[in-house]
Amino acid sequence: MAYTFLPETCFLVILSVSVVLANLPVPKNVRVISINMGVILEWDRPNTSLGNLTYTAEYRSSDDAGFSTVCRNQTERRCDFTQGIHPFGIYVFQVRAERRGETSRWAKTKEFLPDQETVIGGPTVRLVSREGNLEMDIQDPVMKVKDLREIYSTVGYNIRYWKEGKEDKATVMNDRQQNSLVLSQLEALSRYCVQVQVFIGELEKTGEFSQATCETTTTDGRVQAWLIALILVVSFVVVSVTLPLLFLVVWYFYKGLKILYPTATLPNHLKRYLMEPPHQYIFMAMQNSSQQEEQYQEVSIISESPLVEEGPLCSHSDNGMTEDGEVLPQNEKE
């Protein structure tokens, strides 16, 4: 049996085999990561030892005829499609590997519906303890595209709370529509923890639970009668002691100021005298003057007694002395 091969047919077959063998491996594990309406495409490196690979990622909505490129010739193995996504659209994503002009086949995802498949993160929870209860305020998670209540018409909350250390006995409240709630019938001076998740009633869809938020309860706010009486008595005693002490402190302070800063003033002529410099020449003249000599006169004393043989009983002296050698006082001299 004879076989006949046409040259053109052989060339096409060889070219097709070469093209197939030259294709790069396809990226692996292509997946869509969507949290709060953010859409990111991620993938793994293909099974190849070739280095320096780049990637191109595209998307197409159900209303588009072709794909739109978002990431081109990049080395990073992720691409953010958030800006081109509408919450109610239907999308398909694809990515391929590239190297020196060679490309792999496209690796595509299944259809993705953002409003149904996105993961809704946990809301923000704030607790305030007041009069033995816990007042809870809930804030919706922030969406990357639009607002949560613009995307979903029925938004509720599933709430679970428990006394710290007893999480297995948590109390659950489902599909609560209010943003503000009060948790009552709690033990006083005990620490409670709360977690909340978003519940979308129209889709029976739940989000992630928030991080546990804990707060310690206070007393119920009721004050016993004896405690009120005790406070009143103590207050009266404090006021009775404090006011007199305060008055005394102010009075003595005032008296001290009066002593330090008297209100009486000196006459003007006395002020001038005190301010004028002393007349030093008067004092110097008094110091330089010589002392005057003491003036005295001779005194003679005549005695009426008879003279003794040894001599006269008394005699006068020029220097005012007696016969016995005693000095007469000044008045006797005179």
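The values are calculated or read from the model by the stated rules, or taken from the named source; none is laboratory data. What you see is a predicted model, and the numbers here were worked out from it, not measured in a lab. All Cβ positions, glycine included, derive from the backbone under ideal geometry; neighbour counts span all protein chains shown. Note: areas computed on protein heavy atoms with side chains; ligands, DNA, RNA excluded. Shrake-Rupley method; radii C 1.70, N 1.55, O 1.52, S 1.80 Å.
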Worksheet entry | Scope region 158-181; condition among the aliphatic types (A, V, I, L, M) and closer than 17 Å to Thr217 by Cα; matching residues | Ala170, Leu181
Worksheet, complete the sentence: Given (1) under 17 Å from Val128 (Cβ atoms); (2) surrounded by 12 or more Cβ atoms within 10 Å (Cβ to Cβ); (3) among the hydrophobic types (A, V, I, L, M, F, W, C), Val198 misses just (1)
Worksheet entry | Residue ID - surrounded by the fewest Cβ atoms within 10 Å (Cβ to Cβ), chosen from residues in region 8-44 that are of a type in the set (Asp, Glu) and modelled with pLDDT of 50 or more | Asp44
Item to complete: Considering each of Trp106, Trp162 in turn, give the residue that is open to solvent by 30 Å² or more (accessible area, probe 1.4 Å) and of a type in the set (Phe, Trp, Tyr).
Response: Trp106
Worksheet item: Of all residues in region 60-73, which are open to solvent by less than 50 Å² (accessible area, probe 1.4 Å) and either within 12 Å of Leu41 (Cβ to Cβ) or touching a Leu at 6+ places or on another chain (Cβ under 9 Å) (or both)?
Response: Cys71
Item to complete: For region 119-133, name all the residues that are surrounded by 15 or more Cβ atoms within 10 Å (Cβ to Cβ) and within 14 Å of Ala212 (Cα to Cα).
Response: Gly121, Gly122, Pro123, Thr124, Val125, Leu127
Worksheet item: What pairs can you find where one residue is in region 155-184 and without any contact (Cβ under 8 Å) to a residue 24 or more places away in the chain, the other is β-branched (Val, Ile, Thr) and assigned to a strand (DSSP E or B), and their Cβ atoms are less than 7 Å apart, with a gap of 6+ or different chains?
Response: Met173/Ile159; Arg176/Ile159
Item to complete: With respect to Lys146, determine if the residue is farther than 16 Å from Ser210 by Cα, surrounded by fewer than 17 Cβ atoms within 10 Å (Cβ to Cβ) and modelled with pLDDT under 95.
Response: yes
Discussion item. Given (1) small (Gly, Ala, Ser); (2) open to solvent by 20 Å² or more (accessible area, probe 1.4 Å); (3) in contact with an Asp or Glu (Cβ under 8 Å, 6 or more places away or on another chain), identify the lone condition not met by Gly89.
Written reply: (2)
Discussion item. Here is a list: Leu189, Leu203. Which entry is in contact (Cβ under 8 Å) with a residue 60 or more places away in the chain and open to solvent by 60 Å² or more (accessible area, probe 1.4 Å)?
Written reply: Leu203
Item to complete: Run down Arg60, Arg78, Arg45 and say which single residue is within 18 Å of Glu102 (Cα to Cα) and charged (D, E, K, R).
Response: Arg45
